[in-house]
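Q: Mind looking over this structure? Questions follow.
What follows is calculated from the coordinates using simple rules that are stated; it is not laboratory data. Every value quoted in this text rests on a predicted model; they were computed, and no experiment measured them. Glycine also receives a Cβ, built like all others from the backbone with ideal geometry; neighbour counts cover every protein chain displayed.
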Amino acid sequence: MVVTQPNANILDKHVLEAVVAGEMRMTPEQAMTLYHEMPLLELGRWADARCRVLHGDSLRTYVIDRNINYTNVCTAKCTFCAFRRDGDEHDAYTLEYSELLEKIQEISDIGGTQILMQGGMNPELPLEWYIELLTTIRAEYPHIHVHAFSPPEVIEFVNFFDVQGDTLREKVKFVLSKLSEAGLMSLPGGGGEIFAPVVRQKIGLGKCTAEAWLTVMNVAQELGMNTSATMMFGHIEGIADRVHHMDLVRKWQDDAINDFGLDGGGRYYAFISWPFQPDNSPLGRVKEWGTVEEDGDEFPGDAVAQLDGSGTKQDHQEFGRRIRLAGSSSYLRTQALSRLYLDNIYSIGSSWVTMGPAIGQTALFYGANDMGSVMMEENVVSAAGTTWCLNEAKLCRLIREAGFTPAQRNNTYDIINVHDSQESPDLMIKDWSEFDAEKLATQTGCQSSQPESVELTIGQ
Ligand code: SF4
C-alpha cells in the first residue's frame with residue numbers, strides 16, 4: 001500500500017528508497033524540498049532508479065508518428081504562442097482533406113503507427129468537418145492510431161457547436177462521444193501549460209481553464225480513451241506552480257484509475273514537460289528576471305506561487321512582467337522530480353526537441369523512459385524558433401549510446417520492434433558524417449537534406 005509521510009525527511013536515503021519502490025508517495029512540500037535542496041546529479045540518480053523499477057534496465061522507447069497541425073487559425077491569443085494566426089492573415093491555413101490524407105499516407109509508408117493531429121481553435125470548422133475527416137481516416141488507414149485534439153480544442157468544439165447537455169461535462173461527453181465513434185482513439189495533452197489560474201490567465205488568453213482541461217481528459221478516460229499530460233514551464237511561473245500542476249495530474253489520475261480502471265476506462269499514460277521557447281512570441285519579449293537593476297532577490301513567480309494554486313497577482317507587483325527561462329539544469333531537475341512525484345503515471349517523455357539531442361539523451365538518466373516521436377514535420381515549436389531534427393537512426397543511436405536498447409512502441413507503450421540486431425536502423429548506417437551535418441532547423445519546420453530521413457518532435 002502506498003502511504004504518505006508528511007513529516008519524513010525526503011532527503012533521507014531510506015525515505016527515497018521507499019519512494020523509488022513505490023511504497024511512499026511524496027507530498028507537495030517534500031517535492032519542493034527535493035527540488036530546491038538535492039544536488040542535481042543525486043536527484044537524477046533517484047529518478048533514474050524509479051524509472052528502472054517501472055521500465056527495467058534495457059529498453060528505452062520511441063514512436064513513429066506524424067504531427068499534423070490541421071489549422072493555425074485560432075481564436076485564443078496565448079502569449080507564448082508563435083504559431084497562431086487570425087483567419088484573415090496572409091499565412092493563415094486550414095489543410096484540405098486531400099493534404100491531410102497525403103500526410104497520413106507518407107507516415108504509413110515508412111512504418112508509422114499513429115498521427116498526432118492538433119490545431120488552433122478555428123471557429124470556421126463545423127463538427128461535421130471533424131467527423132467526416134475521422135471517418136475517412138478510419139476507412140482508409142485503419143492501422144493508424146488517431147491521437148488528436150487537445151482539451152482546449154475540445155472546449156472550443158463545445159463553445160462553437162450546438163451540443164447537447166446542461167453541464168460542461170455533459171457537453172464534452174456529447175462531443176467526445178461523436179468524435180470517438182468517428183475514429184478518435186486518444187487525446188494528446190497539449191494546452192496543459194501551467195494549471196495555476198494566476199499563471200494561466202496571464203499567458204493563455206482565451207484558452208480553457210485548468211478545471212475544464214482536466215474535465216475533458218476525465219471524460220475521455222471515462223469513454224475508454226487514454227490521454228497524456230503536459231507541462232510547459234520556464235516563464236512567469238514559480239516552482240510551487242510546477243509542483244501544483246503535477247499534483248493535479250496525480251490526483252485526477254487517481255480518480256481515473258479508481259472510477260474507470262475496472263470498467264475498461266482510460267488514464268494518463270504519459271507526462272511530458274518542456275521549457276517555454278521564447279522566440280517570435282509576445283511572452284518571449286518580456287524581460288528576464290535579473291536583467292533589470294531594480295529586480296529583487298525573489299523571482300515574482302515564486303512570490304506568487306502557492307502549492308494549492310491559490311496565488312494572486314497582487315502578491316507581487318512584477319508578476320507576469322518578468323520571465324525566468326529554464327535551462328538544461330532546471331529542465332532535468334523538473335523532469336526528475338516529475339518521475340518521482342507522478343507515481344501513478346507510466347511514462348515520462350524526454351523533450352529533446354526543445355533541449356537538443358544531447359540533453360534529450362541525458363534526460364534518459366533523469367527519469368525519462370521514452371524519447372518521444374519520430375515525425376515528418378513540426379510547426380508549433382519550430383514557429384518559436386527551436387526544432388531539432390533527428391531521424392529514426394539517430395534517435396536509436398542516442399538511445400543505444402546511452403546504454404539502452406532502442407525499441408519502437410505504439411500509442412499504448414506496447415513494444416512492437418526491439419532493435420537488438422545488426423539490422424537496427426542505427427547499426428545499418430556505415431557513414432554518419434552526412435547525418436551529423438544536419439543543422440538545427442528553424443521557422444520552416446524540419447526540412448531535412450536527407451530525403452529518407454524522418455524528423456521528430458515532442459510527442460504529447
Ligand atoms: S497555443 Fe494553441 S490555443 Fe494558444 S494561441 Fe497557440 S494555437 Fe491557439
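Q: In whole Å, how far is the Cα centre of the range 303-360 from that of the range 167-234?
A: When both Cα centres are located, 19 Å separates them.
Q: Between Gln306 and Asp420, what is the spin-label point distance in nm, taking each point 7 Å from the Cα along the Cα→C-beta axis?
A: 5.2 nm
Q: Under the rule of at least 5 residues apart or a separate chain, name every residue whose amide H is placed under 5 Å from the amide H of Ile416.
A: Those qualifying (amide H under 5 Å, at least 5 residues apart or on another chain) are Gln408, Arg409, Asn410.
Q: Compute the FRET efficiency between Thr209 and Asp254 as 1/(1 + (r/R0)^6), taking r as their Cβ-Cβ distance and R0 = 30 Å, and round to the nearest 0.05.
A: Plugging the Cβ-Cβ distance into 1/(1 + (r/R0)^6) gives 0.90.
Q: Next up: Work through the residues other than Gly367 whose Cβ is under 11 Å from its Cβ and net out their charges, Lys, Arg +1 and Asp, Glu -1.
A: Within the 11 Å Cβ shell, the charges total +3.
Q: How many nm is it between the label spots at Ala76 and Met1, if each spot is 7 Å from the Cα in line with the beta carbon?
A: The two pseudo-label positions are separated by 4.0 nm.
Q: Now, a different point. Rounded to the nearest 500, what is the chain's calculated 222 nm mean residue ellipticity when only DSSP H runs of at least 4 contribute -39500 (n - 2.57) each, over all residues?
A: Counting only the DSSP helices, I get -11500 deg cm²/dmol.
Q: Suppose the chain between Leu11 and Ser108 were pulled fully straight at 0.36 nm per residue; how much longer would it get relative to their current alpha carbon spacing?
A: Between Leu11 and Ser108, full extension yields 30.1 nm more.
Q: Pairs Lys178/Lys394; Lys287/Lys313; Lys251/Lys394; Lys13/Lys202: which exceed 29 Å Cα-Cα?
A: Going by Cα-Cα distance, Lys178/Lys394; Lys251/Lys394; Lys13/Lys202 fall outside the 29 Å limit.
Q: Jot down the per residue volume, in cubic angstrom and as a whole number, of the convex hull over the alpha-carbon atoms of the chain.
A: Enclosed volume per residue, from the Cα hull, is 150 Å³.
Q: Given +1 on the Cβ of Lys and Arg, -1 on the Cβ of Asp and Glu, and no further charges, what dipole in debye does the chain carry about its Cα centre, rounded to the nearest 20?
A: 640 debye
Q: Between Ala139 and Leu40, 0.36 nm times their residue separation minus their Cα-Cα distance comes to what?
A: My answer for the length gained is 30.7 nm.
Q: Also: Taking the highest mean first, how do the peptides 286-294, 242-250, 16-24, 298-306 order by number of other beta carbon atoms within 10 angstrom per residue?
A: 242-250, 298-306, 16-24, 286-294
Q: Let me ask you something else. Projecting each Cα onto the charge dipole of the range 286-382 (Lys/Arg +1, Asp/Glu -1 at the beta carbon, about the Cα centre), which of Tyr331, Gly367, Trp289 comes out farthest on the positive side?
A: Gly367
Q: Per-residue counts of other Cβ atoms within 10 Å, averaged by peptide: what ranking do you get for 133-145, 60-72, highest first?
A: With the highest mean Cβ count within 10 Å placed first, the list reads 60-72, 133-145.
Q: Right, here's the next one. Order these peptides, 326-334, 338-346, by their mean beta-carbon neighbour count within 10 angstrom, highest first.
A: Descending mean neighbour count gives 338-346, 326-334.
Q: Check Ile323: other-chain or 5+ apart residues with amide H under 5 Å from its amide H, H built from backbone geometry?
A: HN-HN under 5 Å from Ile323: Lys287, Glu288, Trp289.
Q: Residues of the range 196-211 with amide nitrogen under 20 Å from the 7 Å Cα-to-Cβ point of Glu298?
A: Taking a point 7 Å out along Cα→Cβ of Glu298, the residues of the range 196-211 whose backbone N falls under 20 Å are 196-200.
Q: OK, next. So for the chain, taking the charge dipole from beta-carbon charges (+1 Lys/Arg, -1 Asp/Glu), which of Ser351, Tyr141, Val175 sits furthest toward the positive end?
A: Ser351
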